[in-house]
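Written out below as structure tokens is the structure these notes cover.
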Amino acid sequence: QLQASGGGLVQAGGSLRLSCAASGGIFSSGKMGWYRQAPGIQRELVATITSLGTTNYADSVKGRFTISRDNAKKTVNLQMNSLKVEDTGVYYCSATVLATTFWGRGTLVTVSS
């Protein structure tokens with residue numbers, strides 16, 4: 001139901017764009033989001049966007065990352081600029097509908113120094 005893509009290896013200061021395709025029912029009514037998990041660290045929020053377009057960001061990515069949604073394509077995107085080594089991790093797309101959160105497979109982002 002959630003298919004993420006766009007991860008890869010990038011040098012610090014570079015950019016990557018992640019994309020997540022969602023099934024229609026989840027996308028139209030859910031709050032979409034991106035989370036990440038680095039080795040040995042708990043999964044953490046990166047950014048979320050509601051069906052009305054209201055966004056929320058972790059303090060660590062504010063001003064560098066932008067979450068957006070394309071309603072026609074039923075995708076949610078994460079534009080990541082000025083990447084830092086500490087942004088390295090597996091990024092997961094999520095969709096929360098009422099009290100249920102759905103997770104996609106992660107996509108690995110590696111930022112080298």
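The values are calculated or read from the model by the stated rules, or taken from the named source; none is laboratory data. Predicted, not measured: the structure shown is a model, and the values here were computed from it. Reconstructed Cβ throughout: ideal geometry from the backbone, glycine too, with neighbour counts over all protein chains shown. Accessible surface is based on the protein model in full, side chains and every heavy atom, while ligands, DNA and RNA are left aside. Shrake-Rupley method; radii C 1.70, N 1.55, O 1.52, S 1.80 Å.
With every protein chain present, what is the per residue accessible area of the chain (1.4 Å probe, Å²)?
On a per-residue basis, the chain sits at 53 Å².
At 0.36 nm per residue, and after removing the present C-alpha to C-alpha distance, how many nm does the segment from residue 110 to residue 3 gain when stretched out fully?
Between residue 110 and residue 3, full extension yields an extra 36.6 nm.
Let's see if you can work this out: charge +1 on each Lys and Arg Cβ, -1 on each Asp and Glu Cβ, no other charges. What is the dipole magnitude of the chain about its Cα centre, in debye to the nearest 20?
Charge dipole of the chain: 200 debye, to the nearest 20.
Taking all protein chains in place and a 1.4 Å probe, what share, in percent, of the accessible surface of the range 5-82 do carbon and sulfur account for?
49
Can you find, among 49, 83, 72, the residue sitting farthest towards the positive end of the charge dipole of the chain, where Lys and Arg contribute +1 and Asp and Glu -1 at Cβ?
Toward the positive end, the furthest listed residue is 72.
Across the Cα atoms of the range 55-113, what radius of gyration and what greatest pairwise Cα-Cα distance (Dmax) are found, in Å?
12.9, 40
Any chance you could run the full-extension gain for residue 79 through residue 101? It's 0.36 nm times the residue separation minus the Cα-Cα distance, nm to one decimal.
Computed gain between residue 79 and residue 101 is 5.7 nm.
Regarding the range 8-62, what's the average projected area of the Cα-atom convex hull, expressed in nm²?
5.1
Please list the three semi-axes, largest first and in whole Å, of the ellipsoid equivalent to the chain, using sqrt of 5 times the eigenvalues of its alpha carbon gyration tensor.
The equivalent ellipsoid of the chain has semi-axes of 23, 14, 13 Å.
Counting helices only, and only those DSSP H runs with n ≥ 4, report the 222 nm mean residue ellipticity of the chain as the sum of -39,500 (n - 2.57) divided by its residues, in deg cm²/dmol to the nearest 500.
One gets -1000 deg cm²/dmol as the mean residue ellipticity at 222 nm.
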